[in-house]
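J.: Supplied in structure tokens, the structure appears directly below.
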């Protein structure tokens with residue numbers, strides 16, 4: 001009996017030894033099976049070496065095409081490189097792989113945030129809003145996401161829904177200047193000048209140097225045909241910030257509404273000089289020229305209208 005026990009002990013010891021070295025041996029033979037397949041890419045990404053990081057993550061994606069995190073990391077690197085279409089492809093693959101693996105919706109939050117950021121940058125508000133709405137369903141307290149979602153609704157023409165979202169933000173932060181200003185612009189778009197004025201006046205009360213809020217306030221005055229008040233406000237802003245394109249074009253609109261088209265032309269001319277690519281000032285100036293036949297003023301201003 002003693003001899004049998006002695007024979008068993010070495011065999012058990014050998015098995016325990018093999019068990020203890022097995023993970024290390026596998027890691028040596030298959031480096032990709034280590035717990036940190038992204039380590040190299042993560043280090044490069046942290047150093048903002050996005051091109052090299054993308055190459056490192058691509059290796060992992062090629063080896064593990066069903067790894068959602070690999071697609072996400074690759075997409076983020078590509079996005080930072082400005083390769084938006086390829087990045088979007090990787091982010092949508094992230095969501096597809098997670099859904100196929102029956103992962104919880106929370107696993108897709110980062111990918112959806114990245115997708116929304118690209119669409120917002122492009123001005124594709126419908127697509128961005130779709131992603132942001134799904135994020136809000138899981139993170140209703142995220143103020144930045146809600147603010148961007150409200151802007152998407154505004155730009156898509158859903159003004160009442162946008163106002164609702166901005167008011168939800170104001171219930172959390174009643175004195176948030178950005179939210180108040182954005183809400184004022186939605187009211188302006190809805191031609192609700194009274195509520196717009198209320199928002200803009202709150203902003204200028206807290207931030208007297210906020211030129212955009214003063215311009216918004218003047219626009220509200222113009223809706224109410226209070227042209228003198230609008231001109232007074234805008235004149236001060238142009239004096240304070242002569243290179244402010246929006247102040248110059250708003251003042252031109254105010255003078256046009258007042259019937260002082262010769263003065264309006266001069267401010268449209270200045271607006272064009274400040275922002276030659278914006279079609280709004282050129283269109284307004286052209287309409288005055290056609291109506292008033294004061295081409296000499298434009299010729300003297302040396303502004304070419306095409």
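J.: Of all the Cα-Cα pairs you can form in segment 127-180, what percent are over 12 Å apart?
T.: Tail fraction, whole percent: 60.
J.: Multiply the residue separation of residue 262 and residue 104 by 0.36 nm, subtract the distance between their alpha-carbon atoms, and state the gained length in nm to one decimal. Walk me through the intermediate numbers first.
T.: Working: separation 158, 0.36 × 158 = 56.88 nm, distance 6.35 nm.
The span from residue 262 to residue 104 would gain 50.5 nm if fully extended.
J.: Pulled fully out, how much extra length does the chain show between residue 85 and residue 62, if you take 0.36 nm times their separation in residues and subtract their Cα-Cα distance? Kindly include the intermediate steps, with their values, before the conclusion.
T.: Details: separation 23, 0.36 × 23 = 8.28 nm, distance 1.86 nm.
Answer, rounded to one decimal: 6.4 nm.
J.: For segment 40-103, build the convex hull from the C-alpha positions and give me its volume per residue in Å³.
T.: Values: hull volume 4.2 nm³, N = 64.
Spelled out: Cα convex hull of segment 40-103, divided by residues, is 65 Å³.
J.: How far apart, in nm, are two points set 7 Å out from the Cα along the Cα-to-Cβ line at residue 160 and at residue 277?
T.: Here the answer is 3.7 nm between the modelled labels.
J.: Further question: Give me the extension gain from residue 51 to residue 224: residue separation times 0.36 nm, minus the current Cα-Cα distance, reported in nm with one decimal. Intermediate results must be reported in sequence, preceding the final value.
T.: Numbers: separation 173, 0.36 × 173 = 62.28 nm, distance 5.45 nm.
Contour length minus Cα-Cα distance gives 56.8 nm.
J.: Using the basic label-point model (7 angstrom from Cα toward the beta carbon), what is the residue 40 to residue 139 distance in nanometres?
T.: Those two pseudo-labels are separated by 3.1 nm.
J.: To continue, here is another question. How high is the relative contact order of segment 40-103, in percent, with contacts defined as C-alpha pairs under 8 Å that are six or more residues apart?
T.: Working: 72 pairs, mean separation 17.2, N = 64.
Taking the mean separation of contacting Cα pairs over the length of segment 40-103, I get 27 percent.
J.: Can you sort 168, 104 so the residue with the fewest Cβ neighbours within 10 Å comes first?
T.: Fewest to most other Cβ atoms nearby, the residues stand as 104, 168.
J.: Quick one: order 268, 221 by neighbouring beta-carbon count within 10 Å, fewest to most. Mind showing how you got there, number by number?
T.: On the way: 268 32, 221 23.
Fewest-to-most Cβ neighbours within 10 Å comes out as 221, 268.
J.: Provide 93, 256, 121, 143 in ascending order of the number of other Cβ atoms located within 10 Å of each residue's Cβ, fewest first. Please report the intermediate quantities before stating the final value.
T.: Details: 93 20, 256 23, 121 11, 143 15.
Taking fewest neighbouring Cβ atoms as first place, the list is 121, 143, 93, 256.
J.: Find the centroid of the Cα atoms in segment 173-231 and in segment 41-106, then give the distance between the two in whole Å.
T.: One Cα centre to the other: 43 Å.
Read-outs throughout are calculated quantities, based only on the coordinates presented, and are distinct from any laboratory measurement. Every value quoted in this text rests on a predicted model; they were computed, and no experiment measured them. Cβ atoms come from the backbone with ideal geometry, glycine included; neighbour counts cover every protein chain shown.
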